[in-house]
Amino acid sequence: MPKGPRPLIAGNWKMNGLAKPAMREVTALAKHLDKAAGKQAFDLLICPPATLIAPLRAGIAKLGLTRRIRLGGQDCHASASGAHTGDIAAPMLKDAGCAYAIVGHSERRTDHGESDAAVHAKAEAAHAAGLIAIICIGETRAERDAGQTLRILTRQLKGSVPAAATARNTVIAYEPVWAIGTGLTPTAADVAKAHAHIRKRLAARFKDAAGFRILYGGSVKGSNAAELMALANVDGALVGGASLKATDFWPIALAVG
Ligand code: 13P
């Protein structure tokens, strides 16, 4: 990976995981980290379902890895508290031990009809709670086929990324919707083009644009991670399916470390 921001390897477990097997995977990750002692040149993040944040936080603390394995939420509400049954507020994530919150994942945009404005409000809520917001953007297959990819990214960046975003409180995740969970990935040239475009759009708004981490997500696995992570402006990965098992996740981390 060319020199740039410190890479972030993030696992999005989505709606998967029960406490005991989840802790076994984290313990397995810990063993890999131990073996690579002192060489962790990347930030490692797990975004488990909300029910697992507290037990994983305790388990990770017990392993002495609180600073080496960070935790994040998969979503947060735009309000800090209130009558919103089933939702989770950003200060609650922070309180439970999270450092990050994913907002605007395409599954939330689709399943819950989240607009760019809603994602913007959630990112602001994450920031207000002291969390790093991982703001997801990405085009659908139809948008790609219509040659709209860069236009969509521009629109989503403009609508979803708050004015107060900085390289310290915000990460952008480029996840082409059609690449998520499908085994399909864009070509390296297409990923490079999208990431260069995202950097350029960030540079038009933010002085510290060069420091923002721009993650690629969508069918990242051990076999394609090295090629993707070596691209300019790719500062890590947001991994779904391959983050559930340490044996699949660790080789992706090694691709940047
Ligand atoms: P997959 O890695 O399973 O394609 O999921 C990507 C993703 O949506 C991560 O947020």
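Residue 233 versus (1) of a type in the set (S, T, N, Q); (2) within 15 Å of the ligand (Cβ to nearest atom); (3) touching a residue at least 60 places away in the same chain (Cβ under 8 Å): which is the lone unmet condition? If we test residue 233 against (1) of a type in the set (S, T, N, Q); (2) within 15 Å of the ligand (Cβ to nearest atom); (3) touching a residue at least 60 places away in the same chain (Cβ under 8 Å), just (2) comes out false. For segment 201-230, the set of residues classified as open to solvent by less than 10 Å² (accessible area, probe 1.4 Å), over 16 Å from residue 42 (Cβ atoms) and more than 15 Å from the ligand (Cβ to nearest atom) consists of 202, 209, listed by residue number.
Would you mind stating whether residue 181 is under 16 Å from the mean Cα position of the chain (by Cα), surrounded by fewer than 20 Cβ atoms within 10 Å (Cβ to Cβ) and within 10 Å of the ligand (Cβ to nearest atom)? Judged against the criteria, residue 181 is a match.
Among residues of segment 124-137 being touching a helix residue (DSSP H, G or I) at 6+ places or on another chain (Cβ under 7 Å) and open to solvent by less than 10 Å² (accessible area, probe 1.4 Å), the one that is farthest from residue 70 (Cα to Cα) is 137.
Inspection of segment 231-238 identifies at least one residue that is open to solvent by 30 Å² or more (accessible area, probe 1.4 Å), touching a Lys or Arg at 6+ places or on another chain (Cβ under 6 Å) and within 18 Å of residue 6 (Cβ to Cβ).
Please tell me if residue 121 is open to solvent by 20 Å² or more (accessible area, probe 1.4 Å), assigned to a loop (DSSP other than H, G, I, E, B) and farther than 23 Å from residue 195 by Cβ. Here the answer is no, as residue 121 does not meet what is asked.
Remark: pairs (first residue in segment 244-255, in contact (Cβ under 8 Å) with a residue 60 or more places away in the chain; second residue assigned to a loop (DSSP other than H, G, I, E, B) and surrounded by fewer than 19 Cβ atoms within 10 Å (Cβ to Cβ); Cβ separation under 6 Å; 6+ apart in sequence or on different chains) = 244/16.
The values are calculated or read from the model by the stated rules, or taken from the named source; none is laboratory data. Just so we're clear, the structure is a prediction, and the values are computed from it rather than from any experiment. Neighbour counts are summed over all protein chains in view; Cβ atoms, including those assigned to glycine, are modelled from backbone coordinates with ideal geometry. Please note that ligands, DNA and RNA were not included when accessible areas were found on the heavy atoms of the full protein model with its side chains. Shrake-Rupley method; radii C 1.70, N 1.55, O 1.52, S 1.80 Å.
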